[in-house]
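What follows is one structure encoded as structure tokens, with my remarks underneath.
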């Protein structure tokens, strides 16, 4: 028996999300706990899974708040480090009228990139069924080395590895570095989630099926999850392919975390059903639940504290 269902390494930060204007007509921002990797854990925790986070925040008002928030969600923080020298990473998020976002990061450096390989707890990694990661923990040293060490340990320990590249081009020193990180994660993962814009960026192929075929031929990833925003999602597994439309909401206010919600639901499905012998029906069932959960969160500000529970998702599906 494993201690954790999922352990993840990556960013935990504050998303300052545009929240209109004040009486003096100044822009106002709401401070929302976030970070793609921890958002995924938050969704899994809402679905009853035992999760742990590996990362670093500043020993400041934001870092202490973030630690308390994820502990409230029952996410294990034994491997969350507090840095007394470097501040917690901040991201300012502006949404247009459709809820789509633009980002400005305050991370030069931010505490999340200061996690070192020596601070990685090997036994904690070995005690998980799934290891989840993205590429934001590979943009800089020393966290890049910590991420690669964790990947190798989890692979050797027989963990399933899930990978969501979550491209943020402005955080990379070069496109070459970003592409190398995409490649590195894909060589290890058993479950890949990739969005339409990331697929085109990485493969150079505008035809989605051809782009996915390139990835499958090069990396032999068992399960590929493909998100297309308002156009829904697809899953590719062996000879089976499924596509499910999105649940479009009239009251969408913020798409932050929708992909992370989707990813958490898909990992949850694999935890409960395994990754062997999945059928088209299984894929469709998984995507339908994940799309519904992602749709719900677009009606709320922020992500980490806004994840729906199972009953809310089932109600939407009904």
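Every read-out reported here was derived from the displayed coordinates using simple, explicitly stated rules and does not represent laboratory data. Quick caveat, the model's predicted, so the values are computed rather than measured. In this analysis, Cβ positions are derived from the backbone assuming ideal geometry, glycine residues included, and neighbour counts consider all displayed protein chains.
A Gaussian network model of the chain, with springs between Cα atoms under 10 Å, assigns the largest mean-square fluctuation among 78, 217, 23 to 23.
Taking 0.36 nm per residue of sequence separation and removing the Cα-Cα distance, the residue 316/residue 251 pair yields an extension gain of 22.0 nm.
Estimated at 0.36 nm per residue, the fully extended path between residue 26 and residue 123 surpasses their Cα-Cα distance by 30.0 nm. If I take every Cα pair under 8 Å that is 6 or more residues apart in the range 176-243, average their sequence separation and divide by the length, what percent do I get for the relative contact order? This gives 28 percent for the range 176-243. Please check which bits of the range 144-168 a label hung off residue 116 would reach, taking the label as a point 7 Å along Cα-to-C-beta and the cut-off as backbone N under 12 Å. Those under the cut-off are 146. Going by neighbour counts of Cβ atoms within 10 Å, the residues 140, 132 line up, fewest first, as 140, 132. Entry note, the chain: relative contact order of 17 percent, from Cα contacts under 8 Å with a spacing of 6+ residues. Quick one: go through the range 191-210 and flag any residue whose amide nitrogen is under 16 Å from the point 7 Å out along the Cα-to-Cβ line of residue 174. Zone members listed by number: none at all. Between 183, 15, 112, which gets the highest mean-square fluctuation from a Gaussian network model of the chain, Cα cutoff 10 Å? Top of the fluctuation ranking is 183. If the label point is 7 Å along Cα→Cβ of residue 187, which residues in the range 153-171 have backbone nitrogen under 16 Å from it? Taking a point 7 Å out along Cα→Cβ of residue 187, the residues of the range 153-171 whose backbone N falls under 16 Å are 153-156.
Pairs of Cα atoms nearer than 8 Å and 6+ residues apart set the relative contact order; for the range 33-184 it is 18 percent. Apply the a/c threshold of 1.5 to the C-alpha gyration tensor of the chain and tell me whether it is rounded, prolate or oblate. It comes out rounded by the Cα gyration axes.
Mean residue ellipticity at 222 nm, helices only, the chain: -11500 deg cm²/dmol; runs of at least 4 DSSP H residues each add -39,500 (n - 2.57), and the sum is divided by the number of residues. The Stokes-Einstein estimate for the range 187-318, based on a Kirkwood radius over Cα pairs and taken at 4 °C with 1.567 mPa s viscosity, is a diffusion coefficient of 86 µm²/s.
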